[in-house]
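Chemist: My questions will all concern the structure given below.
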């Protein structure tokens with residue numbers, strides 16, 4: 001699902017912009033793609049707000065320039081993920097119609113479900129299939145509706161261009177994550193008999209939860225329990241600065257003053273994820289989920305993985321974005337490969353956009 005989609009035959013660099021940093025990955029266009037280049041640059045916490053608002057445009061542009069100056073990428077054509085609260089998605093049920101009919105009625109249907117004026121947004125959709133739960137006499141179908149504010153898309157395009165890059169695709173993080181998941185796990189899912197998977201991306205500003213049914217992302221939700229909230233809990237309970245709280249979270253996880261806070265946060269997060277899964281199942285034809293895959297910086301939080309395994313109703317795996325991508329390339333060392341394993345899923349999914357369907 002893409003709001004800007006041209007020149008897809010060209011090599012693309014996947015660009016994942018978050019409040020804590022920018023990740024970029026370049027994957028080759030071959031049938032068996034190779035990892036060509038990777039780079040990551042941290043951002044100051046005041047560059048982008050937790051809500052996704054760019055506070056320091058110049059700092060972000062300079063970071064993008066530096067990212068490409070030292071990253072050894074072969075292309076300046078980028079596939080970038082939209083971020084923040086200017087983009088939303090919602091699973092809706094509407095009367096059965098053709099794709100062409102829905103395309104004509106899309107803005108009228110969207111008025112009922114999105115909090116923005118429809119004149120101010122770009123809309124896209126995916127028909128998910130018939131809704132078998134409705135009791136209404138008129139047949140219904142499920143649709144995933146996505147809306148992005150036009151002014152934000154224009155702002156993002158302008159920012160990318162000012163950094164000397166060419167924005168070819170603007171996509172959502174959820175669909176990029178679904179893309180890298182489907183590319184790497186489609187065979188495994190068939191072998192295991194998994195039809196419904198939950199993807200969880202633990203980020204600094206939000207935790208993104210997506211559901212993939214077959215080869216299609218059919219549901220996603222952002223929750224505000226995230227890395228930043230964990231840091232805030234340490235600050236509040238121990239009375240330390242944000243810098244010290246971040247250090248304690250990473251370096252002192254087994255300290256008797258820190259561990260209880262991490263356990264509390266992990267349980268809160270797992271409970272919220274479980275509520276989201278239950279909500280999805282309440283409106284879907286499926287009665288259960290088959291697997292959970294995790295990625296993002298939060299996967300390294302001490303104790304979180306075990307809490308998820310204890311509480312969630314399906315096996316929990318670490319999503320490997322390089323499972324079927326050959327991990328060799330220009331200046332891609334072992335440290336970079338380890339980073340990509342938990343931080344690079346969205347960027348890899350964005351770079352794979354040109355690979356087509358698998």
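The values are calculated or read from the model by the stated rules, or taken from the named source; none is laboratory data. Values in this document were obtained by computation on a predicted structure and should not be read as measured data. Quick reminder, even Gly has a Cβ in these numbers, built from the backbone with ideal geometry, and neighbours come from all protein chains shown.
Chemist: Quick check on this structure: which one of 120, 138, 101 is over 19 Å from residue 213 (Cβ atoms), surrounded by fewer than 15 Cβ atoms within 10 Å (Cβ to Cβ), out of contact with any helix residue (DSSP H, G or I) (no Cβ under 9 Å at 6 or more places or on another chain) and touching a residue at least 24 places away in the same chain (Cβ under 8 Å)?
Modeler: 138
Chemist: What do you reckon, is residue 248 in contact with a helix residue (DSSP H, G or I) (Cβ under 6 Å, 6 or more places away or on another chain), buried (at least 19 other Cβ atoms within 10 Å of the Cβ) and farther than 30 Å from residue 70 by Cβ?
Modeler: Against the criterion (in contact with a helix residue (DSSP H, G or I) (Cβ under 6 Å, 6 or more places away or on another chain), buried (at least 19 other Cβ atoms within 10 Å of the Cβ) and farther than 30 Å from residue 70 by Cβ), residue 248 qualifies.
Chemist: Quick check on the stretch 82-93. Is at least one of its residues surrounded by 13 or more Cβ atoms within 10 Å (Cβ to Cβ), within 25 Å of residue 128 (Cα to Cα) and more than 20 Å from the chain's Cα centre (by Cα)?
Modeler: Yes, because at least one residue in the stretch 82-93 is surrounded by 13 or more Cβ atoms within 10 Å (Cβ to Cβ), within 25 Å of residue 128 (Cα to Cα) and more than 20 Å from the chain's Cα centre (by Cα).
Chemist: For the stretch 29-55, which residues satisfy the criterion of being part of a loop (DSSP other than H, G, I, E, B), farther than 16 Å from residue 231 by Cβ and touching a residue at least 24 places away in the same chain (Cβ under 8 Å)?
Modeler: 29, 32, 33, 47, 51, 52, 53 - these are the residues of the stretch 29-55 that are part of a loop (DSSP other than H, G, I, E, B), farther than 16 Å from residue 231 by Cβ and touching a residue at least 24 places away in the same chain (Cβ under 8 Å).
Chemist: Could you tell me whether residue 60 is in contact with a helix residue (DSSP H, G or I) (Cβ under 8 Å, 6 or more places away or on another chain), closer than 30 Å to residue 128 by Cα and modelled with pLDDT of 95 or more?
Modeler: For residue 60, the condition - in contact with a helix residue (DSSP H, G or I) (Cβ under 8 Å, 6 or more places away or on another chain), closer than 30 Å to residue 128 by Cα and modelled with pLDDT of 95 or more - is not met.
Chemist: Given the residues 93, 79, which is the only one that is in contact with a strand residue (DSSP E or B) (Cβ under 6 Å, 6 or more places away or on another chain), within 20 Å of residue 153 (Cβ to Cβ) and part of a strand (DSSP E or B)?
Modeler: Checking each option against the conditions leaves just 79.
Conditions tested, residue by residue: (1) within 19 Å of residue 18 (Cα to Cα); (2) in a strand (DSSP E or B).
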{"residue": "102", "(1), (2)": "no, no"}
{"residue": "143", "(1), (2)": "no, yes"}
{"residue": "159", "(1), (2)": "yes, no"}
{"residue": "171", "(1), (2)": "yes, yes"}
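Chemist: Having 2 or more residues that are without any contact (Cβ under 8 Å) to a residue 40 or more places away in the chain and closer than 30 Å to residue 74 by Cβ is the bar; report the helices (runs of 4 or more DSSP H) wholly within the stretch 247-358 that clear it.
Modeler: The qualifying helices (runs of 4 or more DSSP H) are 334-343.
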